[in-house]
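Q: Encoded as C-alpha cells, here's the structure I'll be asking about.
Readers should treat all values here as calculations from the given coordinates under stated rules, not as data from a laboratory. Here the structure is a predicted model, which is why all the values come from computation and not from measurement. Here the Cβ positions follow ideal geometry from the backbone for every residue, glycine too, while neighbour counts run over all protein chains shown.
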Amino acid sequence: MKNIILIFLLFVSAGLLAQNSKKMPKYFGETFTIDSVKTLLITVQYNSDLYSSKYAFDDYYGNIIFYNYINNTQKLLFENDTYIKPFRERYYYRYNYMINNKLPKNIAYGQIYMFVKNNDYDKNKKIDSDDPFILYTCDFEGNNLKAITPQNENAVSFELFNKQGFMLIRMQRDYNNDENFTYKDKDFYYLKVDLQKFIILSKIEIKTDNK
C-alpha cells in the first residue's frame, strides 16, 4: 500500500510542478495519509527566494492540496496562498512521528484544524509574527472550510473534548491596543466551541478588579 501511495505522489507531484513552474516558486512539504480511503494531504511551502516585503518569515505551509488518489483529482484548500502553521514541530516530526507514525492532533475526528495567518492586523503591509493566528477547520475532503476564531484576536492553542462535544481554544487579546500580538499582551482566555457547528458557546476567563 505504501508503494502505491508513493507512486501516486510521484505522478501528482510531477503534474503540479509542471502547472506551477511559471508561477511563484514553491515546493512540496509533508504528506499526510488520514483516516480516509481516498484522500492524501500534500502540503505546499514557499521557496525562500519568495520572501519580500509582503512576507516576513518562512517554514510555513502556503497551502494544502487534497489529492483524491482514486479519481486522480486535486483541490487547493485556500483560493489564495496564505500562512498555515505546520502541523508538527520539527523535533516532534523527526524523533516521534518517524517512530510512532502518529497523526498530529490537528487531524482528528474527521476534521482538520489549522492555525492560519492571513490578516495584516497591524497594517504594515506584510504578514509577520506580530499578526494573529486564526483557527480554521475543514473536513477530510477539504470541504466546509470555516474560520472559528475572530480576526482581531490571536489563537494560541486548542484542546478537543470530543466525547463532550466541545473544544477549548486559548485566545490572546491585544491588551495594550498596539495592533501587535507579543509577550506584552498578557490577557488570555478560553473560547468554548461546539464541535458540530463550530460556533462559540461561551468564554472562560479570569475576572479581575481592573476589568
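Q: Please list, in order along the range 114-130, the HN-Hα scalar couplings obtained from phi with the Karplus expression 6.51 cos²θ - 1.76 cosθ + 1.60 (θ = phi - 60°), rounded to whole Hz, x for Gly and Pro.
A: Along the range 114-130, the couplings run 9, 8, 10, 9, 9, 10, 6, 5, 8, 6, 9, 6, 7, 9, 9, 5, 8 Hz.
Q: Note down the net charge around Ser202, summing +1 for each Lys or Arg and -1 for each Asp or Glu among other residues with Cβ under 11 Å from its Cβ.
A: Local charge sum for Ser202: 0.
Q: Distance cut-off 31 Å, Cα to Cα: go down the list Lys85/Lys123; Lys125/Lys146; Lys126/Lys146; Lys26/Lys123; Lys38/Lys123 and report the pairs above it.
A: Going by Cα-Cα distance, Lys38/Lys123 fall outside the 31 Å limit.
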